[in-house]
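Asks: So that we are looking at the same thing, I have put the structure below in C-alpha coordinates.
The values are calculated or read from the model by the stated rules, or taken from the named source; none is laboratory data. Predicted model only: the values in this text are computed from it and were never measured. Here Cβ is always computed from backbone atoms with ideal geometry, including for glycine, and neighbour counts include all displayed protein chains. Protein only, heavy atoms only, side chains kept; ligands, DNA and RNA dropped before computing areas. Shrake-Rupley method; radii C 1.70, N 1.55, O 1.52, S 1.80 Å.
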Amino acid sequence: MEVVGKDIQNFQLTVRAHSDYDFTNYSPTSLQRRLNRILLELDMKMDQMIARMKTDKDFTDRIMKKITVHTTELFRDPHIWKKLKNNLLPSLSHQEKIRIWHPGCSTGQEIYSMMIVLDGLGLLEKSEIYGSDLHQEVIEAARLGRYKYRFNQSYLENFDRVVLNGEGTFSWSNRKHWKKYFHIDETSDTIQMKEFLREKPVYKKLDLVKDANLFLVNFDLIVCRNVIIYFNAELQNRVFELFHSNLKDHGSLLLGVHESIMGSYSKKFIKKDPFYYRR
(Lines give C-alpha, C1' and ligand atoms only; values in the text may rest on other atoms or scores of the structure.)
Protein backbone atom coordinates (compact mmCIF):
# COMPACT_ATOMS: atom_id res chain seq x y z
CA MET A 1 0.00 0.00 0.00
CA GLU A 2 1.36 3.43 -0.97
CA VAL A 3 2.33 5.75 1.87
CA VAL A 4 -0.04 8.75 2.08
CA GLY A 5 -0.05 12.04 3.99
CA LYS A 6 -1.68 10.61 7.13
CA ASP A 7 0.97 7.88 7.27
CA ILE A 8 3.77 10.45 7.07
CA GLN A 9 2.25 12.49 9.90
CA ASN A 10 1.88 9.38 12.10
CA PHE A 11 5.48 8.46 11.35
CA GLN A 12 6.72 11.95 12.24
CA LEU A 13 4.79 11.94 15.54
CA THR A 14 6.13 8.48 16.42
CA VAL A 15 9.70 9.53 15.67
CA ARG A 16 9.41 12.61 17.91
CA ALA A 17 7.87 10.62 20.75
CA HIS A 18 10.14 7.57 20.63
CA SER A 19 13.55 8.81 19.46
CA ASP A 20 15.92 11.78 19.58
CA TYR A 21 15.17 12.62 15.95
CA ASP A 22 12.72 15.08 14.48
CA PHE A 23 11.50 14.76 10.89
CA THR A 24 8.74 17.36 11.24
CA ASN A 25 10.26 19.64 8.62
CA TYR A 26 11.57 17.03 6.23
CA SER A 27 10.30 17.17 2.68
CA PRO A 28 7.08 15.07 2.54
CA THR A 29 8.00 13.89 -0.94
CA SER A 30 11.41 12.65 0.21
CA LEU A 31 9.92 10.97 3.28
CA GLN A 32 7.24 9.30 1.19
CA ARG A 33 9.82 7.93 -1.23
CA ARG A 34 12.08 6.65 1.56
CA LEU A 35 9.20 5.11 3.55
CA ASN A 36 7.82 3.29 0.51
CA ARG A 37 11.26 1.82 -0.11
CA ILE A 38 11.73 0.80 3.54
CA LEU A 39 8.31 -0.86 3.79
CA LEU A 40 8.99 -2.82 0.62
CA GLU A 41 12.39 -3.88 1.95
CA LEU A 42 10.96 -4.96 5.32
CA ASP A 43 7.79 -6.44 3.81
CA MET A 44 5.71 -4.53 6.36
CA LYS A 45 2.71 -2.25 6.39
CA MET A 46 2.96 1.26 7.80
CA ASP A 47 0.89 0.55 10.92
CA GLN A 48 3.04 -2.52 11.64
CA MET A 49 6.26 -0.54 11.39
CA ILE A 50 4.95 2.29 13.59
CA ALA A 51 3.70 -0.17 16.23
CA ARG A 52 7.13 -1.81 16.40
CA MET A 53 8.90 1.55 16.55
CA LYS A 54 6.93 2.34 19.72
CA THR A 55 8.31 -0.70 21.55
CA ASP A 56 11.66 -1.50 19.94
CA LYS A 57 14.34 1.22 20.18
CA ASP A 58 16.92 -0.74 18.17
CA PHE A 59 14.40 -1.16 15.37
CA THR A 60 13.62 2.56 15.47
CA ASP A 61 17.33 3.39 15.24
CA ARG A 62 17.64 1.17 12.17
CA ILE A 63 14.72 2.94 10.53
CA MET A 64 16.31 6.32 11.28
CA LYS A 65 19.53 5.26 9.57
CA LYS A 66 17.59 4.09 6.53
CA ILE A 67 15.74 7.42 6.36
CA THR A 68 18.85 9.58 6.66
CA VAL A 69 21.29 7.53 4.58
CA HIS A 70 23.20 9.58 2.00
CA THR A 71 25.12 8.38 -1.02
CA THR A 72 28.77 9.41 -0.98
CA GLU A 73 31.98 8.55 -2.78
CA LEU A 74 35.54 9.77 -3.22
CA PHE A 75 35.55 12.85 -5.48
CA ARG A 76 31.85 12.54 -6.27
CA ASP A 77 31.04 14.85 -9.21
CA PRO A 78 34.66 15.30 -10.37
CA HIS A 79 33.88 18.55 -12.21
CA ILE A 80 32.96 20.15 -8.87
CA TRP A 81 36.20 18.99 -7.29
CA LYS A 82 38.15 20.44 -10.19
CA LYS A 83 36.60 23.84 -9.47
CA LEU A 84 37.52 23.48 -5.81
CA LYS A 85 41.05 22.51 -6.76
CA ASN A 86 41.62 25.11 -9.46
CA ASN A 87 39.62 28.09 -8.19
CA LEU A 88 38.32 28.23 -4.64
CA LEU A 89 41.00 26.55 -2.52
CA PRO A 90 43.95 28.40 -4.12
CA SER A 91 42.18 31.67 -3.27
CA LEU A 92 42.57 30.76 0.42
CA SER A 93 46.28 29.98 0.21
CA HIS A 94 47.35 33.37 1.65
CA GLN A 95 45.59 32.67 4.95
CA GLU A 96 47.39 31.48 8.07
CA LYS A 97 44.60 28.93 8.71
CA ILE A 98 41.95 27.43 6.46
CA ARG A 99 38.91 26.06 8.28
CA ILE A 100 36.53 23.71 6.43
CA TRP A 101 33.37 22.07 7.79
CA HIS A 102 31.60 19.07 6.26
CA PRO A 103 28.15 18.79 7.89
CA GLY A 104 26.45 15.54 6.93
CA CYS A 105 29.88 14.00 6.35
CA SER A 106 28.50 10.44 6.34
CA THR A 107 31.27 7.82 6.13
CA GLY A 108 33.95 10.35 5.30
CA GLN A 109 34.76 9.96 1.61
CA GLU A 110 34.12 13.65 0.99
CA ILE A 111 36.44 14.66 3.82
CA TYR A 112 39.23 12.46 2.46
CA SER A 113 38.67 13.93 -1.00
CA MET A 114 39.10 17.42 0.43
CA MET A 115 42.30 16.53 2.29
CA ILE A 116 43.83 14.89 -0.79
CA VAL A 117 43.16 18.01 -2.87
CA LEU A 118 44.50 20.27 -0.11
CA ASP A 119 47.64 18.16 0.13
CA GLY A 120 48.20 18.38 -3.61
CA LEU A 121 48.00 22.18 -3.33
CA GLY A 122 50.39 22.25 -0.36
CA LEU A 123 47.59 23.53 1.91
CA LEU A 124 46.80 20.52 4.09
CA GLU A 125 49.15 21.40 6.94
CA LYS A 126 47.56 24.83 7.46
CA SER A 127 44.01 23.48 7.13
CA GLU A 128 41.63 22.51 9.92
CA ILE A 129 39.04 19.95 8.85
CA TYR A 130 35.77 19.43 10.73
CA GLY A 131 33.14 16.76 10.09
CA SER A 132 29.73 16.17 11.62
CA ASP A 133 26.84 13.82 11.10
CA LEU A 134 23.57 12.82 12.69
CA HIS A 135 24.80 9.28 13.38
CA GLN A 136 27.74 8.37 15.60
CA GLU A 137 28.05 5.06 13.74
CA VAL A 138 28.92 6.70 10.41
CA ILE A 139 31.30 9.11 12.14
CA GLU A 140 33.21 6.10 13.45
CA ALA A 141 33.27 4.70 9.90
CA ALA A 142 34.70 8.03 8.72
CA ARG A 143 37.42 7.85 11.37
CA LEU A 144 38.27 4.33 10.24
CA GLY A 145 38.56 5.37 6.58
CA ARG A 146 38.16 1.85 5.21
CA TYR A 147 35.99 1.13 2.17
CA LYS A 148 35.15 -1.75 -0.13
CA TYR A 149 37.48 -1.82 -3.13
CA ARG A 150 35.54 -3.75 -5.79
CA PHE A 151 32.32 -1.89 -5.05
CA ASN A 152 34.12 1.46 -5.24
CA GLN A 153 36.50 1.18 -8.19
CA SER A 154 35.00 4.45 -9.46
CA TYR A 155 37.02 6.10 -6.67
CA LEU A 156 40.16 5.48 -8.70
CA GLU A 157 38.59 6.82 -11.87
CA ASN A 158 37.53 9.97 -9.99
CA PHE A 159 41.03 10.26 -8.52
CA ASP A 160 42.47 10.20 -12.02
CA ARG A 161 40.09 12.93 -13.20
CA VAL A 162 40.60 15.29 -10.26
CA VAL A 163 44.12 14.72 -8.93
CA LEU A 164 45.90 13.67 -12.12
CA ASN A 165 43.78 15.73 -14.56
CA GLY A 166 43.14 12.57 -16.55
CA GLU A 167 40.16 11.16 -18.40
CA GLY A 168 39.03 8.80 -15.66
CA THR A 169 41.04 5.83 -16.90
CA PHE A 170 41.75 3.17 -14.31
CA SER A 171 45.32 1.93 -14.40
CA TRP A 172 47.48 0.22 -11.82
CA SER A 173 50.36 2.27 -13.17
CA ASN A 174 48.82 5.15 -11.23
CA ARG A 175 49.46 3.30 -7.97
CA LYS A 176 52.47 5.52 -7.25
CA HIS A 177 50.12 8.53 -7.11
CA TRP A 178 47.40 7.17 -4.84
CA LYS A 179 49.56 5.07 -2.52
CA LYS A 180 50.51 8.26 -0.67
CA TYR A 181 46.89 8.59 0.42
CA PHE A 182 45.45 5.07 0.62
CA HIS A 183 46.37 1.41 0.35
CA ILE A 184 44.42 -1.04 -1.81
CA ASP A 185 44.33 -4.68 -0.74
CA GLU A 186 42.55 -6.79 -3.35
CA THR A 187 42.72 -9.89 -1.13
CA SER A 188 40.72 -8.26 1.66
CA ASP A 189 38.76 -6.09 -0.82
CA THR A 190 39.64 -2.86 0.99
CA ILE A 191 40.73 0.69 0.33
CA GLN A 192 42.38 1.95 3.53
CA MET A 193 43.09 5.64 4.00
CA LYS A 194 46.54 6.47 5.37
CA GLU A 195 46.95 7.44 9.00
CA PHE A 196 48.07 11.03 8.39
CA LEU A 197 44.67 11.66 6.78
CA ARG A 198 42.62 9.71 9.31
CA GLU A 199 44.04 11.53 12.31
CA LYS A 200 43.55 15.08 11.03
CA PRO A 201 39.75 15.77 11.05
CA VAL A 202 37.80 16.75 14.16
CA TYR A 203 34.42 14.99 14.28
CA LYS A 204 31.28 15.65 16.30
CA LYS A 205 27.79 14.19 16.31
CA LEU A 206 25.57 17.08 15.27
CA ASP A 207 21.95 17.41 14.22
CA LEU A 208 21.50 20.28 11.76
CA VAL A 209 17.81 20.40 12.67
CA LYS A 210 18.35 21.47 16.27
CA ASP A 211 22.05 21.85 17.18
CA ALA A 212 24.26 24.93 17.05
CA ASN A 213 27.80 24.94 15.69
CA LEU A 214 29.53 22.68 18.22
CA PHE A 215 33.04 23.40 16.89
CA LEU A 216 33.04 27.02 18.16
CA VAL A 217 34.97 28.40 15.18
CA ASN A 218 33.94 30.18 11.99
CA PHE A 219 34.66 28.61 8.63
CA ASP A 220 36.17 29.62 5.32
CA LEU A 221 34.25 26.88 3.52
CA ILE A 222 31.24 24.74 4.38
CA VAL A 223 30.61 21.71 2.17
CA CYS A 224 27.08 20.35 2.64
CA ARG A 225 26.10 18.33 -0.40
CA ASN A 226 22.90 16.35 -0.88
CA VAL A 227 21.53 17.00 2.60
CA ILE A 228 19.13 19.95 2.41
CA ILE A 229 17.34 18.38 -0.53
CA TYR A 230 15.51 16.29 2.08
CA PHE A 231 14.29 19.33 4.07
CA ASN A 232 11.28 21.54 3.49
CA ALA A 233 11.69 25.29 2.93
CA GLU A 234 11.37 26.19 6.62
CA LEU A 235 14.07 23.79 7.70
CA GLN A 236 16.32 24.73 4.79
CA ASN A 237 16.17 28.37 5.90
CA ARG A 238 17.04 27.33 9.45
CA VAL A 239 20.11 25.49 8.16
CA PHE A 240 21.10 28.38 5.87
CA GLU A 241 20.96 30.68 8.90
CA LEU A 242 23.27 28.29 10.77
CA PHE A 243 25.70 28.26 7.86
CA HIS A 244 25.54 32.01 7.23
CA SER A 245 26.20 32.89 10.88
CA ASN A 246 29.18 30.51 11.06
CA LEU A 247 30.93 31.49 7.82
CA LYS A 248 33.66 34.12 7.85
CA ASP A 249 33.05 37.27 5.83
CA HIS A 250 33.06 36.22 2.18
CA GLY A 251 33.32 32.57 3.25
CA SER A 252 31.80 30.08 0.84
CA LEU A 253 29.17 27.35 0.88
CA LEU A 254 29.06 24.40 -1.50
CA LEU A 255 25.78 22.53 -1.94
CA GLY A 256 24.87 19.49 -4.03
CA VAL A 257 24.48 19.84 -7.78
CA HIS A 258 20.67 19.66 -7.47
CA GLU A 259 20.44 22.00 -4.47
CA SER A 260 20.18 25.78 -4.30
CA ILE A 261 19.41 28.63 -1.91
CA MET A 262 15.93 29.97 -2.51
CA GLY A 263 13.79 32.62 -0.83
CA SER A 264 15.03 35.28 1.58
CA TYR A 265 18.40 33.66 2.25
CA SER A 266 19.37 33.90 -1.41
CA LYS A 267 19.96 37.62 -0.71
CA LYS A 268 22.55 36.79 1.96
CA PHE A 269 24.79 34.95 -0.46
CA ILE A 270 26.36 35.77 -3.81
CA LYS A 271 26.41 32.79 -6.16
CA LYS A 272 29.43 32.22 -8.37
CA ASP A 273 28.73 28.78 -9.75
CA PRO A 274 28.89 26.40 -8.01
CA PHE A 275 29.77 28.32 -4.81
CA TYR A 276 27.71 30.60 -2.58
CA TYR A 277 29.72 33.40 -0.96
CA ARG A 278 28.55 35.03 2.26
CA ARG A 279 27.62 38.68 1.86
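Asks: Here are some values of Rg and Dmax of the Cα atoms in Å: (i) 17.2, 49; (ii) 19.3, 67; (iii) 19.8, 58. Which one was computed from this structure?
Replies: Given (i) 17.2, 49; (ii) 19.3, 67; (iii) 19.8, 58, the calculated one carries the label (iii).
Asks: Please compute the net charge surrounding Arg278, taking Lys and Arg as +1 and Asp and Glu as -1 over other residues with Cβ under 11 Å from its Cβ.
Replies: Values: positive: Lys248, Lys268, Arg279; negative: Asp220, Asp249.
Here the count lands on +1.
Asks: Also, quick follow-up: Filter the DSSP H helices in the chain by two things, a Kyte-Doolittle mean of at least -1.0 and an axial alpha-carbon span of 15 angstrom or more, and list the hits by number.
Replies: Values: long enough: 5-18 (20 Å, -0.69); 28-42 (21 Å, -0.24); 57-68 (16 Å, -0.91); 109-120 (17 Å, 0.65); 233-245 (18 Å, -0.25).
Flagged H segments are 5-18, 28-42, 57-68, 109-120, 233-245.
Asks: Then there's this: Answer rounded, prolate or oblate for region 91-187, using the Cα gyration tensor with square roots of eigenvalues a ≥ b ≥ c: rounded when a/c is under 1.5, else prolate when a/b is larger than b/c, else oblate. Let's see the in-between values first.
Replies: Values: a/c = 2.23, a/b = 1.17, b/c = 1.91.
Oblate, since a/c reaches 1.5 and b/c is not below a/b.
Asks: Now for a separate question. Summing Lys, Arg as +1 and Asp, Glu as -1, what charge do residues with Cβ under 11 Å from the Cβ of Lys66 carry, Lys66 excluded? Working shown, then result.
Replies: Details: positive: Arg34, Arg37, Arg62, Lys65; negative: Glu41, Asp61.
Neighbour charge sum, excluding Lys66 itself: +2.
Asks: Sticking with this structure for a sec: Within region 1-85, list the GluC sites (Glu not before Pro) lying in a DSSP loop whose Cβ has at most 11 other Cβ atoms in a 10 Å radius. Kindly include the intermediate steps, with their values, before the conclusion.
Replies: Values: sites: Glu2, Glu41, Glu73; in loops: Glu2, Glu73.
Loop-located and lightly packed - Glu2.
Asks: With +1 on the Cβ of every Lys and Arg and -1 on the Cβ of every Asp and Glu, and nothing else charged, how large is the dipole of the chain about its Cα centre, in debye rounded to the nearest 20?
Replies: On the way: 43 positive and 36 negative charges, 106 e Å.
The dipole of the chain has a size of about 520 debye.
Asks: Exactly which GluC sites (Glu not before Pro) in region 175-217 are in a DSSP loop and have at most 12 other Cβ atoms within 10 Å? It would help to have the intermediate numbers written out before the result.
Replies: On the way: sites: Glu186, Glu195, Glu199; in loops: Glu186, Glu199.
Filter output for region 175-217: Glu186, Glu199.
Asks: At a 1.4 Å probe radius, carbon and sulfur cover how many percent of the accessible area of region 1-133? Display every interim value, and only then the final one.
Replies: Working: 2960 of 6300 Å².
C and S atoms contribute 47 percent here.
Asks: Could you tell me which of Asn36, Ile129, Ala51 has its Cα farthest along the dipole of region 1-146 towards the positive end, charges placed at Cβ (Lys, Arg +1; Asp, Glu -1), taken about the Cα centre?
Replies: Value: Asn36.
Asks: What net charge is computed for the residues neighbouring Arg198, neighbours being all others with C-beta under 12 Å from the C-beta of Arg198, Lys and Arg scored +1, Asp and Glu -1?
Replies: Numbers: positive: Arg143, Arg146, Lys194, Lys200; negative: Glu140, Glu195, Glu199.
That works out to +1.
Asks: In a Gaussian network model over the chain where Cα atoms closer than 10 Å are linked, find which of His94, His102, His183 has the largest mean-square fluctuation.
Replies: In this elastic network of the chain, the residue with the biggest mean-square fluctuation among His94, His102, His183 is His94.
Asks: Shape verdict for region 93-133, please, from the Cα gyration tensor: rounded (a/c under 1.5), prolate (a/b greater than b/c) or oblate. Display every interim value, and only then the final one.
Replies: Working: a/c = 3.60, a/b = 1.66, b/c = 2.17.
In terms of gyration-tensor shape, oblate.
Asks: Oh, and also: When the dipole is taken about the Cα centre of region 114-189, and only Lys, Arg (+1) and Asp, Glu (-1) are charged at their Cβ, what size is it in debye, to the nearest 20?
Replies: The dipole of region 114-189 has a size of about 260 debye.
Asks: Apply the a/c threshold of 1.5 to the C-alpha gyration tensor of region 175-263 and tell me whether it is rounded, prolate or oblate.
Replies: Working: a/c = 2.41, a/b = 1.98, b/c = 1.22.
Prolate, since a/c reaches 1.5 and a/b exceeds b/c.
Asks: How much of the accessible area of region 160-279, in percent, comes from carbon and sulfur atoms when a 1.4 Å probe is used?
Replies: Roughly 49 percent, rounded to a whole number.
Asks: Given springs between every Cα pair under 10 Å in a Gaussian network model of the chain, which of Asp58, Asp160, Asp119 has the largest fluctuation?
Replies: Asp58
Asks: Of the chymotrypsin sites (Phe, Trp or Tyr not before Pro) in region 119-219, which ones lie in a loop per DSSP and count no more than 15 other C-beta atoms within 10 Å?
Replies: Passing both the DSSP loop test and the Cβ count: Phe170.
Asks: Under a GNM of the chain (C-alpha, springs under 10 Å), which listed residue has the highest mean-square fluctuation: Glu125, Glu259, Glu96?
Replies: Fluctuation is largest for Glu96.
Asks: Oh, and also: Can you give me the C-alpha center-to-center distance between region 47-83 and region 210-262, rounded to a whole angstrom?
Replies: So the separation of the two Cα centres works out to 19 Å.
Asks: Restricting to DSSP H runs of at least four residues, report the calculated mean residue ellipticity at 222 nm for the chain, -39500 (n - 2.57) per run over all residues, nearest 500 deg cm²/dmol. Kindly include the intermediate steps, with their values, before the conclusion.
Replies: Working: 11 runs with 106 residues, N = 279.
One gets -11000 deg cm²/dmol as the mean residue ellipticity at 222 nm.
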